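One structure is given below, encoded as structure tokens.
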Amino acid sequence: MDNLINQKLNFSLKTSQQILKKISFIDTFKGKWNIIETKENRHLQELRKIATIESIGSSTRIEGVKLTDKEIAKVVTRINIDKLKTRDEQEVIGYWESLDIVIDNYENIELSENFIKQLHSILLKYSHKDERHKGKYKQLTNKVVATYPDGTQKIIFKTTEPHLVDKEMSDLILWTNNNFFEAENHPLIIIAILVYEFLSIHPFQDGNGRLSRLLTTFLLLQQEYLFVQYVSFEKVIEDSKKNYYKTLMEGQKNRYTDKEKIDNWILYFLDSMRILIKRLEKKYEIYRDTKIYLNHRQKLIKNLIIKYQPMKIGDLMKHLKGFSRNTIKKDLSYLRNEKILKTIGKNKGTLYLMKKN
């Protein structure tokens, strides 16, 4: 399988440079975020809750579910397994339980065919129509079908025939684990390839798209891209669904030939990670503003510096009459420690200005 994958990774110099640049951006943020999480992990659960609802909603809507995020939040918070009457509700709860298992247990799970089959069983656990084939590779030919908001469907590409699934899945898992171990390819490239190949094989009769996104989160967490649990990767795909299917099709149209290339898929995957990071930065900035307590005086100082930055202590005292220099100095120190402000210079010449996140 190595030769087949290497053939698909035969990129132009321009594409290779783009890939390296995108990976560098993602890995730089990864390092910064892992430090943040070490300090604030127990305070970030609200972001994770929001991301979980978005992920459930987006991943199931991509496959045709009609529920909004608000409706999904009600389903998962007022869960009554015996009263899951609609297929939409069944799929939502299945995805919710699967995602929860992935996030809570990724450190203790090995990537294997058995794990993938088990995850598929949980994903379709409450889906009555999938009872017979959940957790089992497909027995009938299937296709990748795009479902659009108006309910129309379009065949994107054909997939691996049932009698070839066992071998192709076995080869894919072996290749993936070997590559993570040998570290010859970057982890993000390995993950992108696994997702592409998994969708190309489409090993199960149903649930492949949702399962591919669960595996994406699972592998990103295993490779210490821990920020993915606080912002929805599935939401990024839902918002760019047209390009998602387009880049898959561009590789798939030449499946099993030496013309099969996945450069555009790799670029799409990395761009999705970049968008994910930008969204998380905004969410985290808002989160920090709501979690950091500022008294009335500290809020005044912050607003003055936003308006007039850079400012010295003397400048602030002109606007904050009635407060001692020592009190203002303590407030500035607090705002610095909370990474709201930064300084330039030292001693009496110290300038204060807002810290850019």
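Read-outs: derived from the displayed coordinates by stated rules, not from any lab. What you are looking at is a predicted structure, and each value in this text was computed from that prediction instead of being measured. Don't worry about glycine lacking a Cβ; one is built from the backbone with ideal geometry, like all the others, and counts go over all protein chains shown.
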Which of K117/K282; K154/K283; K330/K355 exceed 25 Å between C-alpha atoms? The answer is K117/K282; K154/K283
Trypsin sites (Lys or Arg not before Pro) within the range 31-140: which are DSSP loop residues with at most 15 other Cβ atoms inside 10 Å?
K66, R78, K85, R132, K136
The range 176-273: which chymotrypsin sites (Phe, Trp or Tyr not before Pro) are DSSP loop and have at most 15 other beta-carbon atoms within 10 angstrom?
Y256
Grab the beta carbon distance between S333 and Q139, set R0 = 56 Å, and tell me the FRET efficiency rounded to 0.05.
0.25
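Between T86 and S240, what FRET efficiency follows from the Cβ-Cβ distance if R0 is 30 Å, with the result rounded to 0.05?
After rounding, the FRET efficiency stands at 0.65.
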Any chance you could check the Cα centroid distance between the range 151-195 and the range 246-280 for me, in angstrom?
13 Å
Taking only Cα atoms, what is the 0 to 90° angle, nearest 10, from helix 45-62's long axis to the longest principal axis of the chain?
30 degrees
Name the residues whose placed amide hydrogens come within less than 5 Å of the amide hydrogen of E338, ignoring near sequence neighbours (fewer than 5 apart) on the same chain.
none
A chain fully extended from K283 to T28 at 0.36 nm per residue, minus the present Cα-Cα distance, gains in nm 90.0 nm
So the angle from the long Cα axis of helix 13-40 to the longest Cα principal axis of the chain, reported in degrees to the nearest 10, equals 60 degrees
Integer Hz, Karplus 6.51/-1.76/1.60 couplings in order for the range 250-258, x for Gly and Pro
4, x, 5, 5, 10, 3, 6, 10, 6
Relative to the longest principal Cα axis of the chain, at what angle does helix 263-291 sit, 0 to 90 degrees, rounded to 10?
40 degrees
